[in-house]
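See below for the structure under consideration.
The numbers here are math on the coordinates, done by the rules we state, and not lab data. Predicted model only: the values in this text are computed from it and were never measured. Glycine gets a Cβ as well: all are built from the backbone with ideal geometry, and neighbour counts include every protein chain shown.
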Amino acid sequence: MGRRKRYSAEFKREALRRANEPGVTDVLVAEELGINARQLRRWREAVKRDGEEAFPGQGKSRDEEMTRLKRKLAKVEQERDFLREAAAYFAKESK
């Protein structure tokens, strides 16, 4: 079975805003967004129950993740360069 798809809080709120427009049904919005209408109803229930705290978010923000990945990339590039230099040094020494 595939992984469960996660939607941002902004996506959920926008979907609910669209579904609350006059003449628009949950089914119509769900089809437009490619989600199940039942999921849209669950999000609406969460907002009724928890208000603004309905979608607290998961994990780290994208900026934090980007910073972490840039640091990791820099470290890997540094290791690669070191190994390249060491290989060249030992190749020269073995001649």
Residue count, the stretch 21-44, condition surrounded by fewer than 16 Cβ atoms within 10 Å (Cβ to Cβ) and more than 23 Å from the chain's Cα centre (by Cα), comes to 7
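Please determine, by comparing only the residues of the stretch 65-95 that are part of a helix (DSSP H, G or I) and of a type in the set (S, T, N, Q), which one is surrounded by the fewest Cβ atoms within 10 Å (Cβ to Cβ). Steps first, please.
First, pick out the residues of the stretch 65-95 that are part of a helix (DSSP H, G or I): 65-93.
Narrowing further to those that are of a type in the set (S, T, N, Q): 67, 78.
Details: THR67: 12, GLN78: 10.
Selected residue: GLN78.
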